[in-house]
Protein chains: 2
Amino acid sequence: MNHEPAPDAPDLSATAAPRRRRAATIRDVAQAAGVSTATVSKFLNGGQRFTREVEERVAQAVRDLGYSSNPMARGMITGRTGNVGIVVLDVRNPHFTSLIRGASRPAAEAGLNLLFADIAEGLAPELPTLQALSRRVDGLIVSARLSDEALAWLGTSDMPVVYYGGPPAQQDCSSVGIDNRAAAAMLGRHLRELGHRRLRYVGFSGARWSQERWLGLQQAFEGSGAELHRHDVAEASADEGERIASEVLLGADAPDAVVAYNDLIALGLLGQTQALGLSVPRDVSITGFDNIVYGRYTSPALTTVDSGSEQTGERAMRRLIARIGGDPAARSGHELIASRVIVRGSTLGRPAVSRGEGRTR
Amino acid sequence: MNHEPAPDAPDLSATAAPRRRRAATIRDVAQAAGVSTATVSKFLNGGQRFTREVEERVAQAVRDLGYSSNPMARGMITGRTGNVGIVVLDVRNPHFTSLIRGASRPAAEAGLNLLFADIAEGLAPELPTLQALSRRVDGLIVSARLSDEALAWLGTSDMPVVYYGGPPAQQDCSSVGIDNRAAAAMLGRHLRELGHRRLRYVGFSGARWSQERWLGLQQAFEGSGAELHRHDVAEASADEGERIASEVLLGADAPDAVVAYNDLIALGLLGQTQALGLSVPRDVSITGFDNIVYGRYTSPALTTVDSGSEQTGERAMRRLIARIGGDPAARSGHELIASRVIVRGSTLGRPAVSRGEGRTR
DNA sequence: TTGTACGCGTTATCAT
DNA sequence: ATGATAACGCGTACAA
């Protein structure tokens, strides 16, 4: 019944791929235990009980042969891959690594593997990556700021998806993230209370919610008589923050506070501001967004907004798992993560009139 | 021949998992094109050519039905999953994210998906994670500093593996990494030339090559009359660097330079040193290891050793791909990545006799 | 309680 | 040049 390879099989060493030792199959276990494959299968995952004697023999055979079921063969039957995909926009951004970290634990608990894709710049084209991924996973966690094309495709597919960062446009779907506008408004109020009057926002044109943060900032300063200007960078990186620093700081009307779209931009901005001979926060306050851990190690340390990156990942994964399990409640709805302003040394109060005189409170 | 589901299938809406729309199979395509499944298969990936007419019909059917092959079914017969696993020790460490980034591109080029696992502390047990992963991938990229248990298991399995960080103990295997001892010696020589004489090394007991770096450091100071002391932290993190700072710096015999096992520890050390009222680098020089990008944004910026994280990931993936392809040359051998000292503001020369007098060169 | 047999979607072999 | 069909390893309805 078992097709043993002939002892004198033709030499295969010339074939391209090395022949892998065949792993034990459910049939091997059944044979070793003297039962049928059905018995083995039911015992191992059906949860059905058998006579003490049979269970013992099967368990022993499994141990002896080091058997574990072939996920592909199982997947063909069950329609499940046992994998979930997570797509990030840049693994090197600590915001995303925290997100991944947050998603890892519930995934591991549910016995799901993480199929990971980074679609930063030239790394991989969004749509094909998504399409390839979707054949190998039971569900996806993706950024809500994918291309419209990618979003549209996901909308038509019936793959369980949870978006992070915010709800994607108008779709009826499931998402987890902060209220970008409200969070930015909180940060804005902090700056307003500190007496700032000449603001710059360094946005990131690639992010859908850069605009929301800008609106939140404006909202916070409504009626204050403060001036708000906006710049945009093409990539949310420290390098871009460095590059745009002189444009932002050395213009005709120098700002007394700069709000960056995220902490990476803020980091570059902070370094370059000091390189330009300005003092932070005495000459200008600088803030970021996301609360990446490295904002603590600059000097001054970076004031920022905690966007709950890790919690976002965790909640997104839990939602996805529920969704994969068929929970109808998880099919749609936006879950809000609480955000809060983290005040550190890079922001400082301004005296009512003159400038750069140190703390006011 | 084709078993179409009956139009009036029993209602399945009560079953736990939502019924997923069935994707088009190769049989659907074959039927639509009026050819056999064999023809479709060969045309799509065998590379075999057919009459213009047949190819046209097949291509059309594929387009119409949005067909793409089922990776699980394909894997059953080819024995390939199309995935490679990458196991990191902590996603939040930028060293590892750079490694992942480096590995991503060649993987994508080869059409391989990345199955990712983070085995930081309590996140996931090493061996079971590895075992689960190994059934779902064609090869693995793992740290050479896994547990002995995990390493031993990998040794007996015939899964293609490439280790990063250095060669694991004594095994005959394939690995990519730097020469930790030599790299540390380079850094040591830099410090020696700067006139440092009271050194501290903050090692990480969990890393196999922390010891090698310590040896390299000692080697650099051989015959210099300098004192070298060693501390150890239990986790390679900024928090641990902070925690151990006072012990390292405020002892009876204060050091004039501290070398940390990696940049994260150095970051914590740097911050806390300044919090303790010491000036870096005037009172004490501090260096890290790995050249994570955030070392540029502290002040002073962190002197470190570039360990080629991204290049390591890239080379490891290329080796793995060769190994999966059956290239016998990739079966074993240690590939060395060049490392270099990155001198920044956190190290400063010491005058021959007195201390803390500023630059000597 | 246990076993048989079929089907999942694909590729490879062999026949035409 | 094209087609029929046997695997691949598993889960499960159904038969015993």
message: Taking the conditions exactly as written (at pLDDT 90 or above and either under 22 Å from B:Ala132 (Cβ atoms) or not assigned by TED's automatic domain parsing to the domain that holds A:Asp138 (or both)), does A:Ala16 satisfy them or not?
response: no
field: Residues that are modelled with pLDDT under 90 and either in contact with a Gly (Cβ under 9 Å, 6 or more places away or on another chain) or assigned by TED's automatic domain parsing to the domain that holds B:Asp290 (or both), drawn from the stretch B:150-167
entry: B:Gly166, B:Pro167
message: For the stretch A:181-195, check the following and say yes or no: at least one residue is within 17 Å of the chain's Cα centre (by Cα) and buried (at least 21 other Cβ atoms within 10 Å of the Cβ).
response: no
query: Which residues, taken from the stretch B:150-178, are under 14 Å from the mean Cα position of the chain (by Cα) and over 22 Å from B:Asp290 (Cβ atoms)?
result: B:Val161
- request: Six or more apart or on different chains, Cβ under 7 Å: which pairs go from a residue in the stretch A:105-121 that's closer than 13 Å to A:Gly313 by Cα to one that's polar (S, T, N, Q)? Could you list them?
  value: A:Leu114/A:Ser104
Entirely in the stretch A:192-277, the strands (runs of 3 or more DSSP E) that have 1 or more residues that are among the aromatic types (Phe, Trp, Tyr): A:198-204
- line: Counted residues in the stretch A:328-343 being open to solvent by 50 Å² or more (accessible area, probe 1.4 Å) and closer than 18 Å to A:Val305 by Cα come to 4
field: In the stretch B:278-295, the residues that are surrounded by fewer than 24 Cβ atoms within 10 Å (Cβ to Cβ), within 13 Å of chain A (Cβ to nearest Cβ) and in a loop (DSSP other than H, G, I, E, B)
entry: B:Ser279, B:Val280
Count of residues meeting criterion [under 30 Å from B:Arg135 (Cα atoms), near DNA strand D (Cβ under 10 Å from one of its atoms) and among the hydrophobic types (A, V, I, L, M, F, W, C)] in the stretch B:26-81: 8
query: A:Gln274 passes all but one of (1) facing another protein chain (nearest Cβ under 10 Å); (2) under 26 Å from the mean Cα position of the chain (by Cα); which number fails?
result: (2)
- request: Any residue in the stretch A:164-193 that's more than 18 Å from A:Ser210 (Cα to Cα): show its pairings with residues that are open to solvent by 60 Å² or more (accessible area, probe 1.4 Å) and at pLDDT 95 or above at Cβ separation under 9 Å, as long as the two are six or more apart or on different chains.
  value: A:His190/A:Val343
- request: Looking at (1) touching a Ser or Thr at 6+ places or on another chain (Cβ under 9 Å); (2) not assigned by TED's automatic domain parsing to the domain that holds B:Pro160, find the lone condition where B:Leu114 falls short.
  value: (2)
Number of positions in the stretch B:162-180 that are open to solvent by less than 10 Å² (accessible area, probe 1.4 Å) and among the aliphatic types (A, V, I, L, M): 2
query: If you check every pair at least six apart or on different chains, which have Cβ atoms under 7 Å apart with a residue in the stretch B:76-88 that is without any contact (Cβ under 8 Å) to a residue 12 or more places away in the chain first and a residue that is more than 11 Å from DNA strand C (Cβ to nearest atom) second?
result: B:Gly79/A:Arg20
task: Scan the stretch A:234-252 and give yes if some residue there is surrounded by fewer than 19 Cβ atoms within 10 Å (Cβ to Cβ) and under 17 Å from A:Leu191 (Cα atoms), otherwise no.
output: no
- prompt: of a type in the set (A, V, I, L, M, F, W, C) and open to solvent by 10 Å² or more (accessible area, probe 1.4 Å), is that true of B:Leu264?
  reply: yes
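The values are calculated or read from the model by the stated rules, or taken from the named source; none is laboratory data. Computed from a predicted structure; not experimentally measured. Neighbour counts run over all protein chains shown; Cβ positions are idealised from the backbone, glycine included. We work out accessible area using only protein heavy atoms, side chains counted, and drop any ligands, DNA or RNA first. Shrake-Rupley method; radii C 1.70, N 1.55, O 1.52, S 1.80 Å.
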